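To keep things clear, I will list the structure first and then write my remarks on it.
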Amino acid sequence: RVFCARTADGGLSWQLLSWIGPEPNGFSIMPSTVRISDNVFLTATRCRDGEKRWIETYRSGDGGKNWQFVNKPVNDLGEGNPPSMIKLNDGRLCLTYGYRAEPFSIQAKLSRDNGDTWGEAIMLREDGAGRDIGYTRTIQRPDGKIVTLYYFHDSTTPEGYIAATIWDADQY
């Protein structure tokens, strides 16, 4: 279960502020959080209930003390993968994740309204040889390009490897 904690001393001690979302039937884990403004945060979590796997988001408007469900930007993750979310220089939010079903792929979604709605899935890569892919991490370079890192497995080698896709969010 995902929670929000705060440190005021550089990480020497922590205070539990709140739980994010209700106690799930399956799990809600591996959060990725962005700061929208001074006291507003948006957190994306990896969720599972039985055979269903998805990403859902929660927003806090009071610095993490209380959280409200926002939406499910990704309704189907295949066999599941955690989200990675950043705020782009132009204010949009960028959510990346591995999709662990055919087509085994690395995908992204963009939001222009602080996570209230999300665009269609952007295929960053869709040549995976199986479900052993994902765990994305994403940054934005000074020139505005997006770099999404992940581990991947394709048909060119029997071993998995770390890869990156450099892409331009302005094209979406």
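The values are calculated or read from the model by the stated rules, or taken from the named source; none is laboratory data. Keep in mind that what you see is a predicted model, and the values were worked out from it rather than measured. For neighbour counting, all protein chains shown are included, and Cβ atoms are generated from backbone atoms with ideal geometry for every residue, glycine included.
Taking the stated definitions as given, is Arg46 of a type in the set (Lys, Arg), within 12 Å of the chain's Cα centre (by Cα) and surrounded by 12 or more Cβ atoms within 10 Å (Cβ to Cβ)?
On the way: of a type in the set (Lys, Arg): yes; within 12 Å of the chain's Cα centre (by Cα): yes; surrounded by 12 or more Cβ atoms within 10 Å (Cβ to Cβ): yes.
Here the answer is yes, as Arg46 does meet what is asked.
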Among all residue pairs at least 6 apart or on different chains, which show Cβ distances below 7 Å where the first residue, located in region 22-44, is at positive phi and the second is of a type outside the set (Lys, Arg)? Met30/Thr45; Met30/Pro82
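Would you tally the residues in region 49-71 being over 11 Å from the mean Cα position of the chain (by Cα) and assigned to a strand (DSSP E or B)? So that I can check it myself, show each step before the final result.
Of the residues in region 49-71, the ones over 11 Å from the mean Cα position of the chain (by Cα) are 49-53, 58-71.
Add one more test, that the residue is assigned to a strand (DSSP E or B), and what stays is 49, 52-53, 58-60, 68-71.
Of the residues in region 49-71, 10 are over 11 Å from the mean Cα position of the chain (by Cα) and assigned to a strand (DSSP E or B).
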Ile36 vs. criteria assigned to a strand (DSSP E or B), aliphatic (A, V, I, L, M) and closer than 20 Å to Ile133 by Cα: no
Check Leu93, Leu77 and return the single one that is under 12 Å from the mean Cα position of the chain (by Cα), modelled with pLDDT under 95 and of a type outside the set (Ser, Thr, Tyr). Leu77
For region 147-161, does any single residue satisfy the condition of being free of Cβ contacts under 8 Å to residues at least 40 places away in the same chain, farther than 22 Å from Arg35 by Cα and among the small types (Gly, Ala, Ser)? yes
Determine the pairs where a residue that is in contact (Cβ under 8 Å) with a residue 24 or more places away in the chain, located within region 74-93, has a partner that is part of a loop (DSSP other than H, G, I, E, B) with Cβ atoms under 7 Å apart, the partner being 6 or more residues away or on another chain. Gly78/Ala101; Gly78/Arg131; Glu79/Ala101; Glu79/Arg131; Asn89/Gly144; Arg92/Arg112; Leu93/Asn114; Leu93/Gly115
